[in-house]
Amino acid sequence: MKLLYKILLWTIMIMAVAFGFSGYFFVNYVFETALNREIEQAMSDSNILQFAFETAALNIPTKYNVLQDIAVEQIGSKLESGGQGTGRLLRLSNEEKEVLYASDGFPEDARLTQQVEENTRVYQVIRQGEHYYIQTGIMVTVLDRKLYLETMEDVTEVFAERAMGFSVYRKVTVAMLAVCAIVLYFICFWLTKPIRILAGATRKMAGGDYNYRAQIVSNDELGLLTADFNSMANVLEDTIAELQDEIRAREDFIAAFAHELKTPLTAIIGYADVLRSRKLDEEKHFLSSNYIYTEGKRLENMSFRLLDIIVTKRERIETQPMAAESLFQYLQDMFGEHTEQKIDIMFEPATIHGEINLIKSVLLNLVDNACKASPEGGTIEVDGACREEGYLFQVRDYGVGIPEEELKKVTEAFYMVDKSRSRSKNGAGLGLALCVEILRLHNSALQIESKVGEGTSISFCLPWGTPD
């Protein structure tokens, strides 16, 4: 069952119960008020009849100063005739509670008479056929006799009014419930609109439409839920986009890796076939062998770099304190006299934390890339400086530079801005990708600034203390 109908059904049921109880108590309250009024009137009439009986009894001449039974019957008859048209019945009984006079239709039940005592008044509501009566009882003392006077007042109308009240209230309740059901349907339909919108948005997204967003139609909790749903959808869409980008990057990685393998392997196989199938002079033999050696070294370098990337993605590092001076001395030893460019190193002494071999690999890759991008005799600046957030390493060259549209791609595996120049110098496009992974383990990242024809500056900052 839909939530709309559940809310509607439960509300109607609660309203029906509430109307039922309230109507029952209201009609009963009106009935009891009217009945109490009739009881008071019946008791008042009983007092009047008592006074009238005593007066009539005192006015009857008596020979022995004792009220005779026949006189009681006469008085009872006169009292009854005086109340004709009022629907009142009466009964008179002697000291032994034997009936001396009774109106026609007065029930023979004498239980009320048994309850009457001196100076007490009793009553009860009885049903006789289709009629209801208030029966009262009182003791009358006159001329040394104790008689019992009972009356019956017809109150059928009060009970009929109660039955009519219940009937009318039932009809009114049914009509009100019908009207309320219609009004509540539209109210529930309006209140559950955000839920239907969210359900539709969920089905849209389940069908693959991740750009769909639910419309916010209220400012209450459901509106906040819709806003949270849209925020979740934004995060989900971003996550899916990232996953798609990652899948695309993996596919590009595999394609690039296959291509990078194919190029040197083709050269190796081709020159090996020439050496195998032909007799070459010494110069051609050397050139063919050199091609095979050069391409083989490029394959070896690419495999080592690729292995390093895989290792850094899977393993945590063990850091230790190290002197920044040792890193710059390592670069001086590696490039100082073994490159066509001038390496200008300046640094501030400091103690940093990290995995020394991995940091050496980062600096080695950055300086090696700077050498490849610089012309013969060009200057490469390597700086180290203390900053508030950590120790800053910077490698700057004044070579060919990197186009702005290429800056976001240079850290991707196998990506090379100038493929011909990179391959000629045994480049595989894995150096910066390896640097990114190593620095990620050290809670750091590459910052690249470059202009075509002016050179490139690449820097990273190692935070003070031990990486988490």
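Here are the numbers for this structure:
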item: Residue in the range 16-28 that is out of contact with any Cys (no Cβ under 9 Å at 6 or more places or on another chain), within 21 Å of residue 89 (Cβ to Cβ) and open to solvent by 90 Å² or more (accessible area, probe 1.4 Å) present; result: no
item: Considering residues of the range 135-176 that are part of a strand (DSSP E or B) and aliphatic (A, V, I, L, M) only, the residue most open to solvent (accessible area, probe 1.4 Å); result: 139
item: Residues that are modelled with pLDDT under 80, among the charged types (D, E, K, R) and open to solvent by 70 Å² or more (accessible area, probe 1.4 Å), drawn from the range 203-227; result: 221
item: The one condition in (1) farther than 30 Å from residue 185 by Cβ; (2) open to solvent by less than 80 Å² (accessible area, probe 1.4 Å) that residue 4 fails to fulfil; result: (1)
item: Residue list for the range 438-465, restricted to those being free of Cβ contacts under 8 Å to residues at least 24 places away in the same chain and either crowded, with 21+ Cβ neighbours inside 10 Å or in contact with a Leu (Cβ under 9 Å, 6 or more places away or on another chain) (or both); result: 445, 449
item: Members of the range 339-382 found to be part of a loop (DSSP other than H, G, I, E, B) and open to solvent by less than 60 Å² (accessible area, probe 1.4 Å), listed by number; result: 339, 341, 350, 355, 374, 377, 378
item: Hey, residue 230 farther than 30 Å from residue 114 by Cβ, surrounded by fewer than 15 Cβ atoms within 10 Å (Cβ to Cβ), in contact with a Lys or Arg (Cβ under 9 Å, 6 or more places away or on another chain) and not acidic (Asp, Glu) or not; result: no
item: Selection count, the range 125-134, where residues are open to solvent by 50 Å² or more (accessible area, probe 1.4 Å) and assigned to a strand (DSSP E or B); result: 5
item: Matching residues in the range 198-225 - criterion: being among the polar types (S, T, N, Q) and closer than 15 Å to residue 240 by Cβ; result: 211
item: Test: residue in the range 30-42 that is among the basic types (Lys, Arg) and either at pLDDT 85 or above or open to solvent by less than 50 Å² (accessible area, probe 1.4 Å) (or both); result: yes
item: Qualifying positions in the range 195-220 - assigned to a helix (DSSP H, G or I), of a type in the set (D, E, K, R) and farther than 20 Å from residue 2 by Cα; result: none
item: Residue satisfying all of: in the range 1-20; among the aromatic types (Phe, Trp, Tyr) and within 27 Å of the chain's Cα centre (by Cα); modelled with the lowest pLDDT among these; result: 5
item: Residue that is farthest from residue 50 (Cα to Cα) [pool: residues in the range 95-123 that are open to solvent by 50 Å² or more (accessible area, probe 1.4 Å) and part of a strand (DSSP E or B)]; result: 99
item: Residue within the range 188-202 that is over 30 Å from residue 10 (Cβ atoms) and modelled with pLDDT of 80 or more present; result: no
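The values are calculated or read from the model by the stated rules, or taken from the named source; none is laboratory data. Nothing here was measured: the structure is a model prediction, and the numbers come from that model. No Cβ is skipped: glycine too gets one built from the backbone with ideal geometry, and neighbour counts run over all protein chains shown. Each accessible area value is taken on the protein alone, full model and side chains, heavy atoms only, with ligands, DNA and RNA left out. Shrake-Rupley method; radii C 1.70, N 1.55, O 1.52, S 1.80 Å.
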